[in-house]
Structure formats: structure tokens, C-alpha cells
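*Asks:* First, the structure itself, so that you have it in front of you.
Since every read-out is calculated from the coordinates, none of them should be taken as a lab result. All values derive from a computational prediction rather than experimental measurement. Here the Cβ positions follow ideal geometry from the backbone for every residue, glycine too, while neighbour counts run over all protein chains shown.
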Amino acid sequence: MANEAGPRLEELLRQGVPVAAWCFDCGHHAVLAVAYLCARMDGRTAVAAVARRLSCSACGSRAIETRPHYTGLGVVAGHRWHGD
Ligand SMILES: [Zn+2]
């Protein structure tokens, strides 16, 4: 069983960093409070693996990606996302 790379939910919880999730199919995106996620799954879950537990609230797709939302501290504003 492969270990997911990247930070885990419990690390973001300590840092107060939310999780950004978005849908590849319709472009819907959301920022999820990490405390909300930790209440529903193991805090040792890798952030990247959270996507497999989600489906899009707009179109129902399971083509979701999740990653730490480091740039969103304090403010969730705007609808521009920059890929990398
Ligand atoms: Zn969608």
C-alpha cells in the first residue's frame, strides 16, 4: 500500500491551514475547514488522499483534487485559481 506524499490533515490542523478542493469536470471549488475533515476521517490521512473521499457538490463527479490552501489564510475571496 503506497503512502501518499505530502502533508497530512493533522499537520494542517496544527498550522490552521484549510484544504482546497476542486472538481476537474465542472471547475467547482471549495475551501474546506481542516477541522471538519478531521472529524470525518483519520488525521493521518494525506491531504491528497482526501479527494478520494469526496465528490463534487455541484456535479457529483469524483474527479476531485485536494491540496493545502496555504494562500488562503484568513480570507477566502475571489475565484481565480492558478495551476502549477
Ligand atoms: Zn463538479
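*Asks:* Sort Thr71, Thr66, Thr45 by Cβ crowding within 10 Å, fewest neighbours at the top.
*Replies:* Working: Thr71 9, Thr66 23, Thr45 18.
Result, fewest neighbours first: Thr71, Thr45, Thr66.
*Asks:* Please report, in Å, the Rg and the Dmax of the range 9-72, where both are computed over Cα atoms only.
*Replies:* Values for the range 9-72 (Cα only, Rg and Dmax): 11.0, 32 Å.
*Asks:* So, one more: Quick check: net charge around Arg40, other residues with Cβ under 15 Å of its Cβ, Lys/Arg +1 and Asp/Glu -1?
*Replies:* On the way: positive: Arg8, Arg44, Arg52, Arg53; negative: Glu10, Asp42.
Surrounding charge for Arg40 is +2.
*Asks:* Another one. To the nearest 20 debye, what charge dipole does the range 9-72 have about its Cα centre, counting +1 at the Cβ of each Lys and Arg and -1 at the Cβ of each Asp and Glu? Walk me through the numbers on the way to the answer.
*Replies:* Numbers: 7 positive and 5 negative charges, 23 e Å.
Around 100 debye, computed over the range 9-72.
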